[in-house]
Amino acid sequence: MLLVQKFHSLQEIDPEFIGAIEILMQEHWANFAAWREAESKCPPDETFIYWLFFGPTQNSPIGIAQVSLKKIDAEQFIPWWKKVTGIFDKNLDHWKMARWQLARGIDGAAVFDSRFSRTGKEKLIEVIKEVATRKDVMAMTLLSANGPLAYKPEWPEVFHEAQHSWSVLKPWIRMHKAYQDYLAEMPEQDAKRIQQNWKKLHKEIQVELGDYPTIESREDMYAQFPSFDRTILHEYKGGILTFQKDEHVLGMVRYHEGQKGILFVEPVPLEPQGSEKVVDELYVQYALLKAHELPHIKKMIMVRQGGLFKLNNDAEADFFKSQGFQTNQISEQDWSRSAYLK
């Protein structure tokens, strides 16, 4: 049987647990400090609850779950005639939406040490039920990986219920020592296309590559490219891989190292759409090239706008699969106990 401890902020979590949490969350955040910083930047109408799970003989957490409680703007849902007559429940001002999503959502609502995955899921449903009984929770969304959870709120009446799934990128796992070895193992057609794109970039378009691994080294980049918009890198502490031509940065890949040999990367194209010199594939390949240059890197995680890399369609999934990535299905279940919330 698992034991749980509840916290209403990451600031409340005991420092002695942080090391174990960083291991559990290694594919979500670079470190605990980055997660805590993200929490501090959330809107004031959004609060969180976190649960740490402990095994019967463990002094360190073997699992963690998270729910976001966000105020529902009741004005969007109240019928106009109730607004005019003033006949509506004042409790609507306190309605909340509970979203069960751990960090970026790649593991659904929680993550557990693999030895406790079954009992962890059972305990997770218990804490979900605890939140569902709150009078102010009028709607709930539950994310889960590898199929939906066998759960439904025990509300007197459910006015809306829906379920759908979407794909996310799984962490890319390094299988080769060198980038050239990675290309050699790819299907011939894919490897040839990538090599031709690199050749065209260097010889025909004459784009150069730049690498600025530290904040201090970025001053050299700013001096070299005075028209560069520095706000793009505001508060970003990691390194920058650039595509450069003449006096302009055409695009970049932001990267920073996390725990246990994980590299987080984010493509940032800067060219006007429709007239790109750098094709999308080379942003991914530049990130992979960097991952192979760092001998200690074991995995690479692609993020989008600082968050989960949710795939928009099958074509986008095929784009990444052709470069050696795998995808995972995330199930999303939605319920509401108000006729106004659909």
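No value in this document is a laboratory result; all are computed from the given coordinates. Computed from a predicted model, the values in this text were never measured in an experiment.
Result for the chain in a Gaussian network model with C-alpha springs under 10 Å: among 31, 328, 146, the largest mean-square fluctuation is at 146. Fully extending the segment from residue 158 to residue 8 would add 51.2 nm, taking 0.36 nm per residue of separation and subtracting the current Cα-Cα distance. Put simply, the Cα atoms of the stretch 172-325 extend 41, 38, 30 Å along their principal axes, the longest span coming first. The lysines whose alpha-carbon is closer than 29 Å to the alpha-carbon of residue 177, local same-chain residues fewer than 8 away aside, are 192, 199, 200, 203, 237, 260, 290, 298, 299, 310, 321. When the alpha carbon coordinates of the stretch 290-332 are projected onto the principal axes, the ranges are 36, 23, 18 Å, largest first. Coupling constants for the stretch 204-220 follow from the phi torsions by the Karplus curve (6.51 cos²θ - 1.76 cosθ + 1.60, θ = phi - 60°), and in residue order they are 8, 8, 6, 8, 9, 9, x, 9, 10, x, 10, 4, 5, 5, 5, 4, 5 Hz; glycine and proline get x. Every Cα-Cα pair in the stretch 248-319 was counted, and those over 19 Å apart are 40% of them.
Across all Cα pairs in the chain, the calculated P(r) in 10 Å bins from zero up to the longest distance comes to 5, 21, 28, 23, 16, 7, 1, 0 percent per bin. What is the stretch 94-134 by shape, rounded, prolate or oblate, if you read a ≥ b ≥ c off the alpha carbon gyration tensor as root eigenvalues and call it rounded for a/c under 1.5, prolate for a/b larger than b/c, and oblate otherwise? It is oblate, given that a/c is not under 1.5 and a/b is not larger than b/c. For the stretch 101-109, putting each phi into the Karplus relation 6.51 cos²θ - 1.76 cosθ + 1.60 with θ = phi - 60° gives couplings of 8, 7, 6, 7, x, 5, 10, x, 8 Hz, in residue order, rounded to whole numbers and with x for Gly and Pro. Mean residue ellipticity, 222 nm, helices only, the chain: the sum of -39500 (n - 2.57) across DSSP H runs of n ≥ 4, divided by residue count and rounded to 500, is -7500 deg cm²/dmol.
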